[in-house]
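Asks: Structure below; questions to follow.
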Amino acid sequence: MRKDNCKMALQRNVIINDTYQIRQVLASSELAIVYAGRDRNTGAKVAIKEFFPQRLAERQADKRGVFCSSRGYGGQYQELLAAFLLEGELLSKLDHPHIVSYLDHFEANDTGYLVMEYCTGITLTEYLNEHNHALDAAFITETLLPLVDTLDYIHKQGILHRDVKPSNIMVMEDGTPKLLDFGSATRWPMQSGEKQVIFTSAGYSPLEFYSEKSSQGPMSDIYSLAALLHYWTCGQPLWT
Ligand SMILES: Nc1ncnc2c1ncn2[C@@H]1O[C@H](COP(=O)(O)OP(=O)(O)OP(=O)(O)O)[C@@H](O)[C@H]1O
Ligand SMILES: [Mg+2]
């Protein structure tokens, strides 16, 4: 995830859905731009994730609307948008102290938006760099073990996260974790013959995530958590 000022991003103070005011870009990736924003009804600070697949999309001249600029890729754009909207749907079903809280999701500007609680704190990637990957007892009990419980909760709700990695975990000021980014999540158990959109993260995704049809399950998320522990202790992803 790059923390640049994405040129295609919405401008400061733009209002979406008559409710959410854009403040600034927090991050941008291949598929989305994440903004800090404000709910005009409550005044609360929020995080807003906008579907914006950088390879396929461009901003309209009105600086709001998004369109698929790659000829012949409209179908892929719609498939990815559907997966993006599923993130909001799945997150709306979850309520757990170590999972970012869902607030809203909707389509506007010909794209999709997910509004979440704004998490203060830093990503686990940043945290580990700052703390030189130290593995002390407090960090194991306050940060790692709650993640095990959180994955168990998600799996019991019939969901696989499928993208457990340091940049998808925020470490809050009290050391507790918040799991983010359900952009690759799916319902589980899967229907027989059901095809999965392939989303992978080098160093964290198990082999079965590289196939549309392979069998995936809670153990796939546990693999990623183990890969995260490897990164935590060794300072390098398991593979790149
Ligand atoms: N609710 C939030 N509060 C604060 N920061 C957030 C929030 N959600 C996301 N971020 C920031 O934005 C970054 C990207 O968010 P997220 O992982 O959901 O996007 P993504 O497009 O799926 O990224 P990637 O594909 O790289 O995983 C996070 O690593 C975090 O720094
Ligand atoms: Mg992410």
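Asks: Output wanted: per-residue J couplings in Hz (rounded whole) for segment 136-146, from phi through Karplus 6.51 cos²θ - 1.76 cosθ + 1.60, θ = phi - 60°, x for Gly and Pro.
Replies: 9, 4, 4, 5, 5, 6, 7, 10, 6, 4, x
Asks: Let me ask something else. What translational diffusion coefficient, in µm²/s and rounded to a whole number, does the Stokes-Einstein relation yield for the chain at 4 °C and a viscosity of 1.567 mPa s, taking the hydrodynamic radius as the Kirkwood radius over Cα pairs?
Replies: It diffuses with D of about 69 µm²/s by this estimate.
Asks: Here's another thing I want to ask about it. Please arrange Phe182, Phe52, Phe106 by how many other C-beta atoms lie within 10 Å of their C-beta, fewest to most.
Replies: The fewest-first ordering by Cβ neighbours comes to Phe106, Phe52, Phe182.
Asks: Give a residue-ordered list of calculated ³J(HN,Hα) values for segment 38-53 (Karplus: 6.51 cos²θ - 1.76 cosθ + 1.60, θ = phi - 60°; whole Hz; x for Gly, Pro).
Replies: Whole-Hz 3J(HN,Hα) from phi for segment 38-53: 9, 7, 5, 7, 9, x, 6, 6, 9, 10, 10, 9, 10, 5, 8, x.
Asks: If the elastic network links every pair of Cα atoms under 10 Å, which of Ala47, Ala36, Ala137 fluctuates the most in the Gaussian network model of the chain?
Replies: Ala137
Asks: Of the residues Asp174, Asp39, Asp149, which exhibits the maximal mean-square fluctuation in a Gaussian network model of the chain defined by a 10 Å Cα contact cut-off?
Replies: Asp174
Asks: Continuing with this model, one more query. Of all the C-alpha pairs in segment 1-98, what % are more than 20 Å from each other?
Replies: Beyond 20 Å sits 44 percent of the P(r) for segment 1-98.
Asks: Here's another thing I want to ask about it. Only counting other Cβ atoms within 10 Å, I'd like Trp239, Trp232 sorted with the fewest neighbours first. Spell out each step's value before the answer.
Replies: Working: Trp239 9, Trp232 20.
Placing the least packed residue first, the sequence is Trp239, Trp232.
Asks: For segment 93-198, which trypsin sites (Lys or Arg not before Pro) are both in a DSSP coil and crowded by at most 16 other Cβ atoms within 10 Å? Numbers along the way, then the final one.
Replies: On the way: sites: Lys93, Lys156, Arg162, Lys178, Arg187, Lys195; in loops: Lys93, Arg162, Lys195.
Loop-located and lightly packed - Lys93, Lys195.
Asks: For the chain, what is the calculated [θ] at 222 nm in deg cm²/dmol (nearest 500), taking -39500 (n - 2.57) for each run of four or more DSSP H residues and dividing by its residue count? Each step should come with its number before you reach the end.
Replies: Values: 4 runs with 54 residues, N = 240.
Per the formula, -7000 deg cm²/dmol.
Asks: Something else: Give me Rg over Rh for segment 125-240, both radii from the alpha carbons and Rh done the Kirkwood way, two decimal places.
Replies: Rg/Rh for segment 125-240 comes to 0.98.
Asks: Additional query: Under a Cβ-Cβ cut-off of 9 Å, what is the net charge of the residues other than Gln21 that fall near it, where Lys and Arg count +1 and Asp and Glu count -1?
Replies: Values: positive: Arg12, Arg23, Arg38, Arg40; negative: Asp39.
Neighbourhood net charge equals +3.
Asks: Another question, then. Test of understanding: in a Gaussian network model of the chain with alpha carbons linked when under 10 Å, which of Phe51, Phe67, Phe84 would top the mean-square fluctuation ranking?
Replies: Highest fluctuation among the options: Phe67.
Asks: Applying the Karplus parametrisation 6.51 cos²θ - 1.76 cosθ + 1.60 with θ = phi - 60° to the phi angles of segment 115-126, what ³J(HN,Hα) value in whole Hz is obtained for each residue in order, glycine and proline being reported as x?
Replies: These are the phi-based 3J(HN,Hα) values: 10, 10, 3, 7, 8, 7, x, 10, 5, 4, 4, 5 Hz.
Asks: Now a separate question. Between segment 30-106 and segment 166-196, how many Å separate their Cα centres?
Replies: Computed from Cα coordinates, the inter-centre distance equals 16 Å.
Asks: Would you pull out the residues with amide H under 5 Å of Tyr118's amide H, same chain only if 5 or more places away, H placed 1.01 Å from N?
Replies: Placed amide hydrogens put Ala47 under 5 Å from Tyr118.
Asks: Right, another one. Can you tell me the dipole magnitude for the chain around its Cα centre, using point charges on the Cβ only (Lys, Arg +1; Asp, Glu -1), in Debye to the nearest 20?
Replies: Details: 22 positive and 29 negative charges, 148 e Å.
So the magnitude is around 720 debye.
Asks: Shifting gears a bit: Considering only lysines 8 or more places apart in sequence, or on different chains, count the pairs in the chain whose C-alpha atoms sit under 20 Å apart.
Replies: 16
Asks: A follow-up question, please. In Å³ and rounded to a whole number, note down the convex hull volume per residue for the Cα atoms of segment 89-168.
Replies: Spelled out: Cα convex hull of segment 89-168, divided by residues, is 118 Å³.
Here, each number is a calculation from the coordinates, and none is a lab measurement. Not measured: the values here are computed from a predicted model. Cβ sites come from the backbone with ideal geometry, for glycine too, and all protein chains shown count toward neighbours.
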